[in-house]
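The block underneath contains the structure these notes are about, expressed in structure tokens.
The values are calculated or read from the model by the stated rules, or taken from the named source; none is laboratory data. The structure presented is a predicted model; accordingly, all values stated were derived computationally and were not measured. Quick reminder, even Gly has a Cβ in these numbers, built from the backbone with ideal geometry, and neighbours come from all protein chains shown.
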Amino acid sequence: MVSRKTRLGAIATLSIAALLTGCAAGSDASGADVAGADETYLIYADVSLTGVLAASSQAQVEGLTAAVEAINADGGVDGRQLELKIVDDQLDASKATTLLQEQLDSRKPDFVYHGVSSNIALAMLPLLTRNEVFSMGTPSNDKINDQEAYPYAFALQVQASLDAENAVQRLQKEGITKVAMITNSDANGQNAADNYKKAFEDAGIDAAFEIYAPADLDMTAQLQRLRATDPEVLFVEGYGAPGGYVLQSRTKIGWDIDTWGTNSIGNGVNLKLVSSEEDWVNVQTTIHPINTAQRESADTEAFKTLIASLDEQGSKFDQSMQLYSYPWDGLYLWKAAVEQAGSSEAADVAEAMENLKAPEGERAWVTFPLDSYYSAENHFINLTPEEAFIYVNAGPMSRGTIEPVE
Amino acid sequence: MITTLSAGLSIGAIYAIVAIGYNIVFVASKVFNFAQAQFLMIGTFIALDAGARYGLPIPLAILLCAIVGAVIGALEEILAIRRLAGKGEHNELVTTVGVSTLMAGAALVIWGPEPIRTPYLTGLGQIQVFGSAVGVIDLAITAIAILLASGVAVVTRRSMIGLASLASSEDRDAAMLRGIDVKRMALGAFVVAGALVAATAPFVGAKTYATYHLGDGLAVKAFVALAIGGFGSYLGALIGGFIVGLLEMLGARFLGSEWQDISVFVLLLIVLLVLPKGLFGRTKERVV
């Protein structure tokens, strides 16, 4: 029989243990969150440093770090320094929301970078909205662009459909009426196929489609079926190795048709890693101008500062330039909105972001040469298809910049 | 048509290589090593480092891949499988699934998520066969699979070690009574399978690149190849692999991409219903 004294002692011990466990930090990768709330702005960045998006996440962390350092060196935002806290959600949406809730319980962030994948962002946004927290990020699912559901969320991306619209505009300009397209059967691939299918149908362009499974190693059969339809242009969609397999298979069957890579190939893959020069004959990729040597911001102080910081951080520079520049832009856009609004409250910042007047002098954001990125109707970057994407010859990528082969 | 057939054969050859690895371990220890495909994946990364970082010639790269595959195979058997001997085949299978996940995770951590071309046998181009383009690397991989299957089959049937491994798979207790060290047989099988499968990586990597999730896709297809060809038969593993590869390519070519996997699994169902032991599965004879 356990005595009352012993029982009370056990309860007290367990309670203390539970209290200490609750006080222990989650798996945050850096920074303390107990700085004076009035002295700094807390920038909370949720990224996936473990798993398939690790390299892309690392690039975005480097971009954020560069922006925080540059803004702080310049006096901060409204005289307050920025404090960057990075957490690793391990590509797990429930972990992302748990970490965010822990942060909200401890100290409400002033700016949240809401994940690097759409699944994660869509899991975090309801919590961010309920707690009136301003957020930005690179996930590009159209559901994020719901101003009623997520009034404080802004995407550091253009809408996915612009890729297809740009392609169709070019086809119409060149008088091309018959095309073929091969895509991955995964969610990204089917999203691209749906966008392109709709754009082709609306423009009256005849299109044949084939798919391949994510685990396929050889797309010879699919390409042969497409070749049998005698198209004028072949569109290729494929992030990572599959993009390379498609180009390799195309070379094998000796099909040197004009081939246009979609956004996933142009902005998402270093072709040098997954293919060789013989696979790039007559291949062009659609790409954001920031990823080319023709970027408009190349000579700006902002871009030079970003690059210098990345070199200082020892960045591998193995990702597209946009992955470093988007988060940089995000923080500078937020800074401009806070200073315009005279407030860091989410509603005030969101309204300022929708009606942003670019500060005087050289723009501090570098990805797109716009004075203002957003509007009340569109929380994705407001661009025409031709402004968002250009076509360049395929080539390897070096220091975030594609080097088209002639 | 020739292009489609050669592509199907080379894909099938990759499945067959993994299936042969499955068979070596299964014959000697009755364990289905679900992690076998990951040996090929690890091998592609070893080949990548051997060529790109250390500039080794291909024979040394093959040797290095084989050594690494052998070591990992030994570790798998000693640390994960041996402790479960006699405690049920399901435990061993589940453990090999865990090992497979571990190997893929380790590759992700060590080499990262980006696929990378391996440096060997690139730019071999195509040759014309009856007026159709055939990739030289496709022919090479097909030849490697045929050599591997033939070599292992001959060693299994004609050598004392091969016969001993067959004996221990047919009747472990009888094999022990005959003085066969079944534990060493099992260890040897894991080592040999790991070495042989990994050693093909410099060739396979020229087609598949080094990518941490290479093994995931191969594991299931290689199992299907073995099920069709027949567990215990190396010829069956080879033919089964070719059948799966050809069916995928021909299905995609003439029926459509969506029929690619369906056609393979329909054939698997038919074979399992009509010939449960597969096309070349070995029939166990009982002598009273």
Yes/no for B:Thr122 being of a type outside the set (A, V, I, L, M, F, W, C), within 30 Å of B:Gly51 (Cα to Cα) and modelled with pLDDT of 95 or more: no
Any chance B:Leu238 is crowded, with 24+ Cβ neighbours inside 10 Å and within 27 Å of B:Thr101 (Cα to Cα): yes
Count of the range A:65-93 residues which are touching a residue at least 60 places away in the same chain (Cβ under 8 Å), more than 18 Å from A:Arg107 (Cβ to Cβ), not small (Gly, Ala, Ser) and not in a loop (DSSP other than H, G, I, E, B): 4
Residues satisfying the stated conditions in the range A:68-96, i.e. out of contact with any strand residue (DSSP E or B) (no Cβ under 8 Å at 6 or more places or on another chain) and buried (at least 19 other Cβ atoms within 10 Å of the Cβ): A:Ala70, A:Leu91, A:Lys95
Checking A:Ser135 against (1) surrounded by fewer than 18 Cβ atoms within 10 Å (Cβ to Cβ); (2) among the polar types (S, T, N, Q); (3) modelled with pLDDT of 95 or more, the condition it does not meet: (1)
B:Asp261 vs. criteria more than 14 Å from chain A (Cβ to nearest Cβ) and free of Cβ contacts under 8 Å to residues at least 40 places away in the same chain: no
Residue match in the range B:241-251 (condition: under 13 Å from the mean Cα position of the chain (by Cα) and modelled with pLDDT of 90 or more): yes
Qualifying position, being surrounded by fewer than 22 Cβ atoms within 10 Å (Cβ to Cβ) and either in contact with a Gly (Cβ under 7 Å, 6 or more places away or on another chain) or within 14 Å of chain A (Cβ to nearest Cβ) (or both), among B:Ile116, B:Ile72, B:Ile67, B:Ile58: B:Ile116
Residues that are more than 25 Å from B:Ile2 (Cα to Cα) and either surrounded by fewer than 13 Cβ atoms within 10 Å (Cβ to Cβ) or within 13 Å of another protein chain (Cβ to nearest Cβ) (or both), drawn from the range B:264-279: B:Leu269, B:Ile270, B:Leu273, B:Val274, B:Pro276
Counted residues, the range A:41-91 - those being at negative phi and under 17 Å from the mean Cα position of the chain (by Cα): 27
From B:Ala219, B:Ala225, residue being in contact with a Gly (Cβ under 6 Å, 6 or more places away or on another chain) and at pLDDT 90 or above: B:Ala225
Answer residue from the range A:249-259, given it is crowded, with 24+ Cβ neighbours inside 10 Å and under 22 Å from A:Ala193 (Cα atoms) and is nearest to the other protein chains (Cβ to nearest Cβ) among those: A:Ser249
A:Gly175 being crowded, with 20+ Cβ neighbours inside 10 Å and of a type in the set (Gly, Ala, Ser): no
Extreme residue, farthest from the other protein chains (Cβ to nearest Cβ), among residues of the range B:209-234 that are of a type outside the set (A, V, I, L, M, F, W, C) and under 19 Å from B:Ile146 (Cα atoms): B:Gly232
Out of B:Ala149, B:Ala107, sole residue that is crowded, with 20+ Cβ neighbours inside 10 Å and more than 14 Å from every other protein chain (Cβ to nearest Cβ): B:Ala149
Residue list for the range B:77-104, filter: among the small types (Gly, Ala, Ser) and surrounded by 15 or more Cβ atoms within 10 Å (Cβ to Cβ): B:Ala80, B:Ala85, B:Ser100, B:Ala104
Enumeration of residues in the range A:274-290 that are within 9 Å of another protein chain (Cβ to nearest Cβ) and surrounded by 20 or more Cβ atoms within 10 Å (Cβ to Cβ): A:Val274, A:Ser275
Test result for B:Gly8, out of contact with any helix residue (DSSP H, G or I) (no Cβ under 6 Å at 6 or more places or on another chain) and either without any contact (Cβ under 8 Å) to a residue 12 or more places away in the chain or within 19 Å of B:Phe223 (Cα to Cα) (or both): no
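Against the condition buried (at least 24 other Cβ atoms within 10 Å of the Cβ), aromatic (Phe, Trp, Tyr) and in contact with a Phe, Trp or Tyr (Cβ under 7 Å, 6 or more places away or on another chain), how does B:Tyr15 come out, does it pass?
So B:Tyr15 does not fit the description; no.
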Test result for B:Val197, within 29 Å of B:Ile262 (Cα to Cα) and among the hydrophobic types (A, V, I, L, M, F, W, C): yes
Which listed residue, of A:Phe368, A:Phe317, is surrounded by fewer than 21 Cβ atoms within 10 Å (Cβ to Cβ), aromatic (Phe, Trp, Tyr) and touching a residue at least 40 places away in the same chain (Cβ under 8 Å): A:Phe317
Residue, surrounded by the most Cβ atoms within 10 Å (Cβ to Cβ), within the range A:191-226, restricted to residues that are in a helix (DSSP H, G or I), among the hydrophobic types (A, V, I, L, M, F, W, C) and more than 7 Å from chain B (Cβ to nearest Cβ): A:Leu223
Set A:Ala308, A:Ala293, A:Ala298, A:Ala302: member being part of a loop (DSSP other than H, G, I, E, B), more than 14 Å from every other protein chain (Cβ to nearest Cβ), among the hydrophobic types (A, V, I, L, M, F, W, C) and within 28 Å of A:Leu156 (Cα to Cα): A:Ala293
Hits in the range A:323-365 (condition: among the acidic types (Asp, Glu), more than 14 Å from A:Ser297 (Cβ to Cβ) and touching a residue at least 12 places away in the same chain (Cβ under 8 Å)): A:Glu339, A:Glu345, A:Glu354
Residue in the range B:70-85 that is under 30 Å from A:Ser57 (Cβ atoms) and not charged (D, E, K, R) present: yes
